[in-house]
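**Student:** Quick one: structure below, then a few questions.
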Amino acid sequence: MIRATNSPLVEQRADPFVYLHSDGYYYFTGSVPTYDRIELRKSKTLDGLKDAQTFDIWFKHQSGPMSRHVWAPEIHYLDGKWYIYFAASEEENIWALRPYVLECLGQDPLNDEWIELGMMQAAEGDNKSFIDFSLDATIFENNGKRYFCWAEKTGGQFAASNLYLAEMASPIKLKTAQFMLTTPDYDWERVDFWVNEGPAVLKHQGKIFITFSASATGACYCMGYMEADEHADLLDRNSWNKTRQPVLCTDVDKQIFGPGHNSFTVAEDGVTPICVYHARDYEHAVGDPSVVPKTDTRPLAQIIKDPLYDPNRHARTLAVSFDESGRPLFNLY
């Protein structure tokens, strides 16, 4: 069964990530409203994720690295082991986001122990990666190589957020220096903030598509994608083309506002690609003071206007179809 897009798959879970493992289970994680922990759940069906038992497998630190803004976790199975990649900042510097890695010591990610491997490491000689606001990492493989794709902005909180790509040497370290995949070029990527973030990878008929989210996190949030041939040099800018318009954006009639930060899985039929994304069902986000950390001393009026603290970005799904040229279509039902 393919769920209708205007019916949430999992409520109040932003940045949703679904991984279908070889054991036949769908594993789900995402940002919890309080941004203070990482949880996992699993189900034999996509619909079953809604009511599946949740397991808190890691909690933020009280201070220092990994003590604030635990965002966008992804679970991956690499070289026979489970890993979780996520971003987090510090109570002392709440926008000092960096990518971190957890490793599971067993084969049951919901119940076995997880250990911290620290921050993702740049390649030797690369003095640009992960030196500033860095988040939303994802991983994919192509032609025997494994790649790490993430968002990063340098120059402070209000600089542009670009997407970068690099080959991986190991689950915890890059092999090559960062390559800038895309920067916000178009008006739809520059509403309130200049943003490209939340990459996710879809392969189809010899093509690689990296979707990304653009603009601020309110109703203007939307999705576009980059496209390359699977045999091209993926670390060459000339190998990639960007959509000139967003491919998924707010639909007022369907009550889908600010869709984005997606992942991809496959339906139970083993064939149909499924886009798992988050969106609100109303336009104007209202910050909920109950989910804001006590250390946030901003005035209440400012918190209420902060869309990051509106907990109602629900995880949703849509079935991906393709046009005659093999490019993906993200049609809301």
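**Student:** Where in the range 109-176 are the strands (runs of 3 or more DSSP E), entirely inside, with at least 1 residues that are among the polar types (S, T, N, Q) and out of contact with any strand residue (DSSP E or B) (no Cβ under 8 Å at 6 or more places or on another chain)?
**Tutor:** Where strands (runs of 3 or more DSSP E) fall fully within the range 109-176 and carry at least 1 residues being among the polar types (S, T, N, Q) and out of contact with any strand residue (DSSP E or B) (no Cβ under 8 Å at 6 or more places or on another chain), they are 162-170.
**Student:** So if I check each of Val292, Val252, which one is among the β-branched types (Val, Ile, Thr), on the phi < 0 side of the Ramachandran plot and at pLDDT below 95?
**Tutor:** On inspection, the qualifying residue turns out to be Val292.
**Student:** Same structure, new question: Do you know which residues across the range 177-198 are open to solvent by less than 60 Å² (accessible area, probe 1.4 Å) and part of a strand (DSSP E or B)?
**Tutor:** The answer is Phe179, Leu181, Thr182, Val195, Asn196, Glu197, Gly198.
**Student:** Residue under question is Val201, and the condition is that it be under 30 Å from Val271 (Cβ atoms), touching a strand residue (DSSP E or B) at 6+ places or on another chain (Cβ under 9 Å), of a type in the set (A, V, I, L, M, F, W, C) and surrounded by fewer than 20 Cβ atoms within 10 Å (Cβ to Cβ); does it hold?
**Tutor:** yes
**Student:** When you go through Gly287, Gly224, Gly258 one by one, which is the residue that is within 23 Å of the chain's Cα centre (by Cα), assigned to a loop (DSSP other than H, G, I, E, B) and crowded, with 19+ Cβ neighbours inside 10 Å?
**Tutor:** Of the residues listed, the single one that is within 23 Å of the chain's Cα centre (by Cα), assigned to a loop (DSSP other than H, G, I, E, B) and crowded, with 19+ Cβ neighbours inside 10 Å is Gly287.
**Student:** Looking only at the range 1-13, which residues are at pLDDT 95 or above and open to solvent by less than 10 Å² (accessible area, probe 1.4 Å)?
**Tutor:** Within the range 1-13, Leu9, Val10 qualify.
**Student:** Related question: Give the number of residues within the range 297-333 that are loosely packed, with under 15 Cβ neighbours inside 10 Å, assigned to a loop (DSSP other than H, G, I, E, B) and touching a residue at least 24 places away in the same chain (Cβ under 8 Å).
**Tutor:** Qualifying residue count for the region: 2.
**Student:** Sticking with this one: Give the number of residues within the range 64-107 that are open to solvent by 20 Å² or more (accessible area, probe 1.4 Å), at negative phi and either in a loop (DSSP other than H, G, I, E, B) or among the β-branched types (Val, Ile, Thr) (or both).
**Tutor:** 6
**Student:** A further question follows. Run Glu230 past the list (1) touching a residue at least 40 places away in the same chain (Cβ under 8 Å); (2) open to solvent by less than 50 Å² (accessible area, probe 1.4 Å); (3) in contact with a Lys or Arg (Cβ under 8 Å, 6 or more places away or on another chain); (4) farther than 28 Å from Arg13 by Cβ and report the number of the one that doesn't hold.
**Tutor:** Here Glu230 meets the rest and fails (2).
Conditions tested, residue by residue: (1) exposed (fewer than 15 other Cβ atoms within 10 Å of the Cβ); (2) farther than 16 Å from Val201 by Cα.
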site: Gly155; (1), (2): yes, yes
site: Ser161; (1), (2): no, yes
site: Ala166; (1), (2): no, no
site: Leu174; (1), (2): no, yes
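**Student:** Could you identify the single residue in Asp51, Asp23, Asp56 that is touching a Ser or Thr at 6+ places or on another chain (Cβ under 9 Å), surrounded by fewer than 18 Cβ atoms within 10 Å (Cβ to Cβ) and modelled with pLDDT of 95 or more?
**Tutor:** Asp51
The values are calculated or read from the model by the stated rules, or taken from the named source; none is laboratory data. Computed from a predicted structure; not experimentally measured. Heads up, the Cβs are rebuilt from the backbone with ideal geometry, glycines too, and the neighbour counts pull from every protein chain shown. The protein model used for the area step is the full one, side chains on, heavy atoms only, and it has no ligands, DNA or RNA in it. Shrake-Rupley method; radii C 1.70, N 1.55, O 1.52, S 1.80 Å.
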